[in-house]
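Structure first, commentary second.
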Amino acid sequence: MARRRARKSLLPSRLAVTEDRLAPYAVSAANSRGRCHPEAAPEARTEFQRDRDRIVHSTAFRRLEYKTQVFVNHEGDLFRTRLTHSLEVAQIARGIARVLQLNEDLTEAIALAHDLGHTPFGHAGQDALNDCMAGQHGGFEHNLQSLRIVDVLEENYAAFDGLNLCFETRAGILKHCSKARARELGAVAQRFLDDQRPSLEAQICNLADAIAYNNHDIDDGLRSGLIQLEQLDDIAAFAQHAATVRAKYPSVTGRRFIHETIRRMINAQVVDLIETTRANLVQYAPQTLADVQQAPALVAFSATMRHELQDLQRFLRDQLYRHYKVVRMTTKAARIINDLFAAFMGTPGLLPLQYQQMANENQARAVADYIAGMTDRYAMREHRRLFAVGEI
Ligand code: MG
C-alpha cells in the first residue's frame with residue numbers, strides 16, 4: 001500500500017497577518033503610534049483587527065442593542081437601534097475603505113465604536129445630560145464619552161482599564177472636540193489644536209455615518225407612518241431613484257418599493273463619495289499619512305450630492321425629528337434623565353456600589369457615566385424603581 005504523502009499546508013507557517021495593498025497614505029501597523037500600554041504584537045490578526053475585536057467584545061457595544069436611534073427601542077422591533085446603525089455604518093465604511101486601498105480593519109473599528117458613548121434616548125438624552133452637567137461639572141458630549149469608554153470605563157482586561165486601543169482608533173473615535181477640552185486630553189486630541197485633519201479612515205466613518213442615518217431614517221420614518229411617501233416627491237435624493245424604480249418595476253409597491261429606492265440612494269451616495277474622494281486624492285496627491293493630515297478633508301461628496309443631502313436632512317429634521325409624536329417621546333426622555341440625575345446627585349447612596357466609589361472622586365462625572373451607560377429600558381426601569389410609589 002502506497003504511503004500517503006503528507007500534503008503541504010497551504011497556510012503560512014507563521015501566524016502573522018499583514019496589511020496588504022494599502023495606499024502609502026493609509027494608516028498601517030507600521031506607521032501606528034501604538035497603544036498607551038505596550039503589548040506584544042497580535043498573533044493571528046493585525047493590530048487594528050485586534051482593536052475591532054475588543055470593541056465587539058465590550059460591554060458598551062452590547063448595550064447599543066437597547067439604545068434609541070430615533071425611535072425608542074420598545075416602539076417596534078424593526079426600527080434601527082444604535083447597534084444596527086453601527087453595523088450599517090461599518091458595512092458602508094468598510095466598502096469605501098477597501099476600494100480606496102485604505103485600512104479596512106481600522107475603518108471598521110472606528111465605525112463600530114463611533115456611537116458607544118451615546119446616552120439612552122438618543123440626542124434628547126444627550127442634550128438633557130449635557131444640561132445637567134453644564135458649567136462646573138464640565139458638560140457631557142457623546143463622542144468624548146465614546147473615548148472615555150474605550151480608554152477608562154470598560155473593565156475587561158487584567159493589565160489596564162479600558163480597551164487599550166491603538167492611537168489611530170482612539171483619534172478616529174474623537175470626531176470633534178473643543179480646544180479647551182483638547183488641551184486636557186493631550187496627544188489624542190492634538191490635531192484639534194494644530195488644525196489638522198483626521199486619517200482618511202476616520203473621515204470615511206464620519207460620512208458613512210451620515211449615509212447610514214439619512215437613508216435608514218427615511219425607511220424608519222415611512223415604516224412608523226410619521227412621514228408619507230408623497231412628501232418625498234420634492235426631495236431629489238429620494239425622488240430621482242423612486243422615478244427609476246417606478247419606470248423599471250411599475251407593479252412594485254409598498255415595502256419592496258421603498259427598499260428598492262433606498263438601496264439605490266445608498267449606492268449613489270457611496271459611489272459619489274468614492275469618485276469625489278479619488279479626484280481629491282489625485283489633486284492633492286498625498287504621499288504620506290502626514291500629508292493627509294495637512295490637506296483639507298479629502299473624503300467628500302460632490303457639490304451636487306452635498307446639496308441634495310442637505311435638502312434631505314432639512315426634510316428629516318422638520319418632518320420626522322420634530323414630529324409631535326417624536327417630541328413627546330424626547331420630552332419624556334429628557335424628564336427621565338433629569339430626574340435620575342437629580343436623584344443621584346441629591347442622594348449618592350442610591351448609586352450602585354461601583355459608582356459610589358467613583359463618586360468619591362467626582363460625583364457628577366460618576367452619575368453621568370452611570371446614566372450614559374444605561375439602555376433605554378434600563379433607564380425607564382431605574383426611574384420607576386426610584387420614583388414609582390408602590391414599587392420598592
Ligand atoms: Mg452614528
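A short reminder: the numbers here are calculations on the coordinates, not readings from a lab. Predicted model only: the values in this text are computed from it and were never measured. Counting neighbours? That spans all protein chains shown, and the Cβs are built from the backbone with ideal geometry, glycine included.
Take the chain, connect every pair of alpha-carbon atoms lying under 10 Å apart with a spring to form a Gaussian network, then pick out the residue of LEU106, LEU174, LEU351 with the largest mean-square fluctuation. Taking springs between Cα atoms under 10 Å, the residue moving most is LEU351. Computed from label points 7 Å out along Cα-Cβ, the spacing between ASP161 and ASP311 is 5.0 nm. Using the rule -39500 (n - 2.57) for each DSSP H run of four or more residues, divided by the residues of the chain, the 222 nm mean residue ellipticity is -18000 deg cm²/dmol. Taking 7 Å steps out from each Cα toward its Cβ at GLN240 and LEU353 produces label points 6.1 nm apart. Sparsely packed loop sites in segment 146-180 (the GluC sites (Glu not before Pro) outside DSSP H, G, I, E and B with at most 12 other Cβ atoms within 10 Å) comprise GLU155. Across segment 27-35, coupling constants 3J(HN,Hα) worked out from phi with the 6.51/-1.76/1.60 Karplus curve, θ = phi - 60°, read 7, 9, 4, 5, 9, 5, 8, x, 10 Hz, and Gly and Pro carry x. Listed values for segment 186-192 are Karplus-derived 3J(HN,Hα) couplings in whole Hz (6.51 cos²θ - 1.76 cosθ + 1.60, θ = phi - 60°), namely x, 3, 5, 10, 4, 4, 6, and x replaces Gly and Pro. I'd like to know which of GLN69, VAL188, LEU87 lies farthest towards the positive end of the charge dipole of the chain, counting +1 on Cβ of Lys and Arg and -1 on Cβ of Asp and Glu. It is LEU87. Spin-label model, ALA279 to VAL99: label points 7 Å out along the Cα-to-beta-carbon direction sit 1.5 nm apart.
Scalar couplings 3J(HN,Hα) for segment 254-267, obtained by applying the Karplus form with A = 6.51, B = -1.76, C = 1.60 to θ = phi - 60°, are x, 4, 5, 5, 4, 5, 4, 6, 5, 5, 6, 5, 4, 4 Hz; x denotes Gly and Pro. With the convex hull of its Cα atoms as the shape, the chain has an orientation-averaged projected area of 27.5 nm².
Contact order normalised by length for segment 250-392, with contacts defined as Cα pairs under 8 Å and 6 or more residues apart; what percent is it?
That works out to 14 percent.
Available extension along the chain between LYS248 and ASP233 is 3.6 nm, counting 0.36 nm per residue and deducting the alpha carbon span. Which is the longest run of the chain containing none of the trypsin sites (Lys or Arg not before Pro) found in DSSP loop states (not H, G, I, E, B) with at most 10 other C-beta atoms within 10 Å? Between exposed loop sites, the widest span is 22-392.
With a Förster radius of 35 Å applied to the C-beta separation of TYR324 and ASP53, the computed FRET efficiency comes to 0.20. When the Gaussian network model of the chain links Cα atoms closer than 10 Å, the mean-square fluctuations of LEU229, LEU83, LEU298 top out at LEU229.
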